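Okay, structure first, notes after.
The values are calculated or read from the model by the stated rules, or taken from the named source; none is laboratory data. Everything quoted here is computed from the prediction, not taken from an experiment. Neighbour counts are summed over all protein chains in view; Cβ atoms, including those assigned to glycine, are modelled from backbone coordinates with ideal geometry.
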Amino acid sequence: MKRNVNIKSMKYEDFNDNEYIEAMLKELRDNGTNVIVGCLDDVIEWGRSNSLWPLTFATSCCGIEFMAIGAARYDFARFGFEVARSSPRQADFIMVAGTITHKMAPVLKRLYDQMADPKYVVATGGCAISGGPFKKSYHVVDGVDKIIPVDVYIPGCPPRPEAMLYGLMQLQRKVKAQRFLGGLNKGISEKEYERRMREDTNKTEDYNEYDESGLA
Amino acid sequence: MENRTDIKERIAAIEPSAVWSDAGDGMFKVPVTSFRGLAERLRNEEGFDFLRSLTGMDWGEEGLGCVYHLENTATGENVVLAVADPDRENAGMPSVHDLWKGADFNEREAYDFFGIKFVGHPDLRRLFLRDDWKGHPLRKDYDESLNPLNMENEDTSDEAPSYELTRDGSYILRRHPLFEDQEYVINIGPQHPATHGVLRFRVSLEGETIKKIDVHSGYIHRGIEKLCESLTYPQTLGLTDRLDYLGAMQNRHALCACIEKAMGLEVSDRIKCIRTIMDELQRIDSHLLFIACLCQDMGALTVFFFGFRDREKVLDILEETTGGRLIQTYNTIGGVQADIHPDFVRKVKEFIKYMRPKLNEYHEIFTGNVIARQRLIGTGVLSREDAISFGATGGTGRASGWACDVRKRHPYAMYDKVDFKEIVLGNGDCFDRYMVRVLEIEQSLNIIEQLIDSIPEGEWQMKVKPVIKLPEGSWYTAVEGSRGEFGVYIESRGDKSPYRMKFRSTGLPLVSCIDAISREAKIADLIAIGGTLDYVVPDIDR
Ligand code: SF4
């Protein structure tokens, strides 16, 4: 069945890298999307991809550019991103804008874990992608993909606002090319995902060990 | 106080064991045993009330120690003291936190980085790194493999260690509770929209009233100072822009100026002029962002959009010449990266014309607003004395009535040739801290206006050797950054990379005073206080 990944804001041909989207689509088709579920998926994904809410999360310089795309000139509200949430429970994706240090890494992981599925991660700027200028430092994580799965990378130091918008549109497309009912975006199989979820639940049941010091 | 004799002679009289060393800026080497006595006399009798910078050092064979930059705010006299303890394993020094409040956090930093025990310091926890961090990273013998990425959540310890020295030279460790059992402590940050970055407070409350704040930083500690030690001088320039990214120009200006001073290089008037204009544009940019964010925190979202609207105009001008919006990497050693864009002068003039009337808009919508005034006036008062003692420079210090502008205190670049007013207000509350910055935008416009038509002809990049080696010695240079004195301290051993490079953070003194000024305030005021102190967290953590 035909599913398209057109988004309103930009023409399909104008994207530089359509191959990965094609590959994702092919995988979907090969797995045989059921017609009824497929249509339902379409509707849900149309809604989701147009109202992706970011978590207000910024650690350093890239965060200022993130604020700039929230302001009037670049205005990401045009694409449905404007409802930045301060609580991870209400956010759809986390834009890792800035350097992640060793001390911050567990906190970031925790924020990610607190977000509700489906959730996405956008690594913004050299620091989030690979450690950037501070790669050799004793206290910088060289790439957030070492600790959480990343969906879109936006290179730059800091990326220009246009680049950020481009990256966010890529995220929209990715969301559209996914099966919502069944199939998730973690790059792992459903079985594996369920296993991890169960592992998590089991862990939290042991509430005596759960750290309530209130870091988040 | 009239300047009786030269400070060098006076120190020699007070403490004959202090040795003057001439390399670089020159400093006194003081033995550990006599340091405390000398510090007390300098503080109490000689009027050195401002600890500009405290730098932890690893001198290898000579041991671990600190370099103190002191200033007498009344006379403008400066003196540099270096103190070393040769016992590397158990280095200890007397604490001076009671003489200069700003030493409190700085000593914690030096303990964190070098493992120097400050005897008498009441709360010698690590400042930046995790409590379970092994070793001290800025020591030359630090082994990086000790600390792999640790994904365990960090336990917060509620105990403050302090060290006492016994007669036989060993240390006794004592622990004091930070909070009482019955205290109600809440946690704010590191992920909190109002902390302006990843800063964390633990706040003890009684009802709504703040009793105590325990600041945790280091969530964005990037180890820049250590990185610099392995980079050549031109390479180190790349990192300063990313410290306080709202003062990128000024930070880099300070570093370039410091290296130029050490090289004995005088830059042309054109370079000085361009740098001055750029610094001021950056200041306007930063202050606009300050207003935007403060107002957003206080619920006035419109001003956020206004601020960003005007800020984009500055960024456009900067971008045209430098190629960068936020991080410009423009200054170089002995000049600037590229000559100004042909449209630069015209655009800057247009901007000045545009910006002046816009300032009224801010006043109309926010300054005069009843709610804003209610929340800002009288909250978070920082006295002049405290501002000096903490070393809270920049707009914060000037709002408290301390004329601490480096542009006036130690003029550099073109600042002695332009006519501008140093904005000094006296109440030290949130409102004054806000007003100082709005008024400073006007002054910055004035400065630019005086220079823009008469940018001298000349080179925009002096000739420098491709490989830069500094002679042996140490230098300190400061500029007025967007939020206070930004200083660079370089110690060179004659190589092409620095032996030690320290950045005097503008933000560290600002957060160190937050506990003092927020006590007895309401928890909601903390947001206004934090907002008006105007710190940038990566600049605190470095
Ligand atoms: S990528 Fe560059 S701009 Fe972004 S946080 Fe890192 S250093 Fe700052």
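Identify the single condition in (1) assigned to a helix (DSSP H, G or I); (2) away from the ligand (no atom under 16 Å from the Cβ); (3) surrounded by fewer than 23 Cβ atoms within 10 Å (Cβ to Cβ) that B:Glu266 does not satisfy, given that it satisfies every other one.
B:Glu266 satisfies every listed condition except (1).
Looking only at region A:57-81, count every residue that is within 12 Å of the ligand (Cβ to nearest atom) and outside any helix (DSSP H, G or I) and tell me the total.
Number satisfying all stated conditions: 3.
Only residues that are within 11 Å of chain B (Cβ to nearest Cβ), without any contact (Cβ under 8 Å) to a residue 40 or more places away in the chain and not in a loop (DSSP other than H, G, I, E, B): list them for region A:114-162, please.
A:Gly126, A:Gly132, A:Pro133, A:Phe134, A:Lys146
So the check is Cβ under 6 Å with 6+ separation or different chains; which pairs have a first residue in region B:37-66 that's within 20 Å of B:Ala387 (Cβ to Cβ) and a second one that's acidic (Asp, Glu)?
B:Phe50/B:Glu71; B:Arg52/B:Glu71
Evaluate the following for B:Asp285: is it acidic (Asp, Glu), in a helix (DSSP H, G or I) and within 14 Å of chain A (Cβ to nearest Cβ)?
Taking the combined requirement at face value, the residue satisfies it.
Go through region A:138-155 and report how many residues are within 11 Å of the ligand (Cβ to nearest atom) and out of contact with any Cys (no Cβ under 8 Å at 6 or more places or on another chain).
Residues in region A:138-155 being within 11 Å of the ligand (Cβ to nearest atom) and out of contact with any Cys (no Cβ under 8 Å at 6 or more places or on another chain): 2 in total.
Just to be sure, is B:Arg504 within 14 Å of chain A (Cβ to nearest Cβ), within 21 Å of B:Leu124 (Cα to Cα) and either buried (at least 24 other Cβ atoms within 10 Å of the Cβ) or touching a residue at least 60 places away in the same chain (Cβ under 8 Å) (or both)?
Answer is no for this residue.
Collect the residues in region B:213-233 that are more than 7 Å from every other protein chain (Cβ to nearest Cβ), within 18 Å of the chain's Cα centre (by Cα) and among the small types (Gly, Ala, Ser), keeping them in residue-number order.
Once the filter is applied, which keeps residues that are more than 7 Å from every other protein chain (Cβ to nearest Cβ), within 18 Å of the chain's Cα centre (by Cα) and among the small types (Gly, Ala, Ser), region B:213-233 yields only B:Ser217.
Residue under question is B:Gly247, and the condition is that it be crowded, with 24+ Cβ neighbours inside 10 Å, within 14 Å of chain A (Cβ to nearest Cβ), touching a Gly at 6+ places or on another chain (Cβ under 6 Å) and not basic (Lys, Arg); does it hold? Spell out how you get there, then give the answer.
Values: crowded, with 24+ Cβ neighbours inside 10 Å: yes; within 14 Å of chain A (Cβ to nearest Cβ): yes; touching a Gly at 6+ places or on another chain (Cβ under 6 Å): yes; not basic (Lys, Arg): yes.
Spelling it out, B:Gly247 is indeed crowded, with 24+ Cβ neighbours inside 10 Å, within 14 Å of chain A (Cβ to nearest Cβ), touching a Gly at 6+ places or on another chain (Cβ under 6 Å) and not basic (Lys, Arg).
Given B:Pro193, B:Pro177, which one is surrounded by fewer than 24 Cβ atoms within 10 Å (Cβ to Cβ) and within 13 Å of chain A (Cβ to nearest Cβ)?
Of the residues listed, the single one that is surrounded by fewer than 24 Cβ atoms within 10 Å (Cβ to Cβ) and within 13 Å of chain A (Cβ to nearest Cβ) is B:Pro193.
Go through (1) in a helix (DSSP H, G or I); (2) surrounded by 18 or more Cβ atoms within 10 Å (Cβ to Cβ); (3) away from the ligand (no atom under 16 Å from the Cβ); (4) not acidic (Asp, Glu) one by one and return the number of the condition A:Arg89 breaks.
(2)
Does at least one position in region B:119-127 carry a residue that is within 30 Å of B:Ala82 (Cβ to Cβ) and within 11 Å of chain A (Cβ to nearest Cβ)? Spell out the reasoning first.
Here is the first cut: in region B:119-127, the ones within 30 Å of B:Ala82 (Cβ to Cβ) are B:119-127.
From what's left, within 11 Å of chain A (Cβ to nearest Cβ): B:126.
Yes: region B:119-127 contains one or more residues that are within 30 Å of B:Ala82 (Cβ to Cβ) and within 11 Å of chain A (Cβ to nearest Cβ).
Determine whether A:Ser51 is under 30 Å from A:Ala105 (Cβ atoms), surrounded by fewer than 20 Cβ atoms within 10 Å (Cβ to Cβ) and at pLDDT 80 or above.
In short, no.
How many of the residues making up region B:515-542 are out of contact with any helix residue (DSSP H, G or I) (no Cβ under 6 Å at 6 or more places or on another chain) and either buried (at least 23 other Cβ atoms within 10 Å of the Cβ) or charged (D, E, K, R) (or both)?
Final tally of qualifying residues: 10.
Just for region A:92-113: of the residues that are part of a strand (DSSP E or B) and out of contact with any Lys or Arg (no Cβ under 8 Å at 6 or more places or on another chain), which one is nearest to the ligand (Cβ to nearest atom)?
Here the answer is A:Ala97.
So B:Cys293 passes all but one of these: (1) under 19 Å from the mean Cα position of the chain (by Cα); (2) surrounded by fewer than 24 Cβ atoms within 10 Å (Cβ to Cβ); (3) within 23 Å of B:Met355 (Cβ to Cβ). Which condition number does it fail?
(1)
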